[in-house]
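The structure appears below as structure tokens.
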Amino acid sequence: MNAQPDKEVRRRRRAPPRRAPVMIEQAQSTPFLFGWGSHLNRHEREAVKERIALFTGIGLAVLILGLLGWGLLKDNVIDPNQQAAANNVPIASVGTFTVTTGFFKNFEQFRYNQFTQQIAQLQQAQTSLKKNDPQQAQIQAQISSLQQELGNLAPAALTNLLDDSTLIQRSSILGVVPSKKAIAASMFQLEKSQGGKVHLQEFIQSTGLTNDQFHMLVVGDYLRGKVAAVLAKKASPFQLKVRASHILLPTKQKALAQRLLHEAENGANFAALAKKYSTDPGSKKVGGDLGFVARGAMVPAFDQAIFSMKVGQFRLVQSRYGWHVIKLTGRQQVKRTPAELQQAKNAALTGWIQQQEAQLHVQKFVAPANLPNVPGAAAASAASNLQLPGQTVPGQTVPGQTVPNQPGVQVPAQPGAGVPGQPGSKPSVPNNGKPAAHTGSGKNGSKP
């Protein structure tokens, strides 16, 4: 038997199947958001970006909605409330009535519109006339008078509102009560003058006045006319005038004034003393005689003294001109001229309103210089009291009336003025407290 070496059986190892190499994604080493995210892989980065975009969109939407909401809130709630609060700030009060800022500004705008309307009408009438027409000067004078008054628009507007309220609150003590029928008739005339109810409403609304506020102005104007008529019947056709002589000395010479008063009271010749010592050239030459003067013709201190003295009495008073050694030489009742009687009738309304306001107690919370002004009013310089065409409207000044606290100064007649209007408007001629010029008047013929 042939022995063969055993063949070494070698077992072959099967090679494992080849597999595709798996790409292991390594995290990027660079950050992508403010130094953060370097440990994230691409899928994680994309997921983060999607979340950022989502939250950013939501944030922007919320921001936009917030801005829109704030705008609506500001326009419809905050601003109106702030404006309402500002409009409710009181400017003045009389009795139970308070003039608020909103009412005042609306009334001032209302009057300003009236003024510019009438000035435009006057200017239009002026252009239709020939240059040498006598009416040119008259119309120009009216325009100039209106233009001079606009600078006083705000104070005059406040006075008008206070006086209107005073009339409404106190006219009943004179038996004057506004009836619905009379007020309706006044409103009808106003509507007619403006071309109808619609046009009047447009005119009123252009100023911001409410119907209730305008109604108050109409009632005040109606009462003004009725009260003026009642008071005019009580005006006396006679007035008291007094005659006085004085010696005027400078303020620094009080000792001399006291000595001259003592000498006059002890029988010294007053006329001789006046000729020697008085610094008033107008009366010095006639022994200090000022003649007969009516109440309000002299400066207040002097006026109060002479109308409280008895004939033959002496007194020493001081005014802004210096010291006055006064001797009262006469008293008499004098019949008023037609002009003086009319002035007395007009002044009666002014005086009555002042008396009633003193009882009702007027309070002013804003200085005249700080009152709200209509834009352009001061520059345009329109009048402080105009009326709608053909009809007196609230705020009309009495032609020829005496200005309160300004004796001897009258408001010139306004064009087209009919029904007595509102007292208290700025006079065209500034008052200086001086008496009317006459022989024996004060220095330069103008002061005692």
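State the Cα centre-to-centre distance between the stretch 45-122 and the stretch 349-372 in whole Å.
32 Å
Could you state the number of Å between the C-alpha centres of the stretch 256-331 and the stretch 170-240?
Centre-to-centre (Cα) distance: 46 Å.
Give me a comma-separated list of calculated 3J(HN,Hα) values for the stretch 356-372, in order, Karplus coefficients 6.51, -1.76, 1.60 applied at θ = phi - 60°, integers in Hz, x for any Gly or Pro.
Whole-Hz 3J(HN,Hα) from phi for the stretch 356-372: 5, 5, 5, 6, 6, 6, 8, 10, 10, 9, 10, 5, x, 5, 9, 5, x.
Within straight cross-link reach of Lys285, meaning Cα distance under 27 Å, which lysines are found once same-chain residues fewer than 8 apart are removed?
Lys241, Lys252, Lys254, Lys275, Lys276, Lys310, Lys327, Lys434, Lys443, Lys447
For the residues Glu108, Glu191, what sequence is obtained by ranking on other C-beta atoms within 10 Å, fewest first?
Ranking Glu108, Glu191 by Cβ neighbours within 10 Å, fewest first, gives Glu191, Glu108.
Provide the descending list of Cα extents for the stretch 60-119 along its principal axes, expressed in whole angstroms.
The Cα atoms of the stretch 60-119 stretch 55, 35, 10 Å along their principal axes.
Sorted from fewest to most neighbouring beta carbons within 10 Å, what does the list Phe97, Phe104 look like?
Details: Phe97 17, Phe104 22.
Starting with the residue having the fewest Cβ neighbours, the order is Phe97, Phe104.
Per 0.36 nm of contour for each residue apart, how much would the distance between Lys234 and Glu263 grow if the chain were fully extended, relative to their Cα-Cα spacing? Walk me through the numbers on the way to the answer.
Working: separation 29, 0.36 × 29 = 10.44 nm, distance 4.38 nm.
Extra length available between Lys234 and Glu263 comes to 6.1 nm.
State, to one decimal in nm, how far the label point of Lys252 lies from the label point of Leu174, with both points 7 Å from Cα in the Cβ direction.
Between Lys252 and Leu174, the label points sit 5.1 nm apart.
Could you line up Glu263, Glu46 from fewest to most neighbouring Cβ atoms inside 10 Å?
If I rank by nearby Cβ atoms, fewest first, I get Glu46, Glu263.
Computed from the coordinates by the stated procedures, all read-outs in this text should not be read as laboratory data. Remember, it's a predicted structure, so these values are computed and weren't measured experimentally. So basically every Cβ, Gly included, is an ideal-geometry build from the backbone, and we count neighbours across all protein chains shown.
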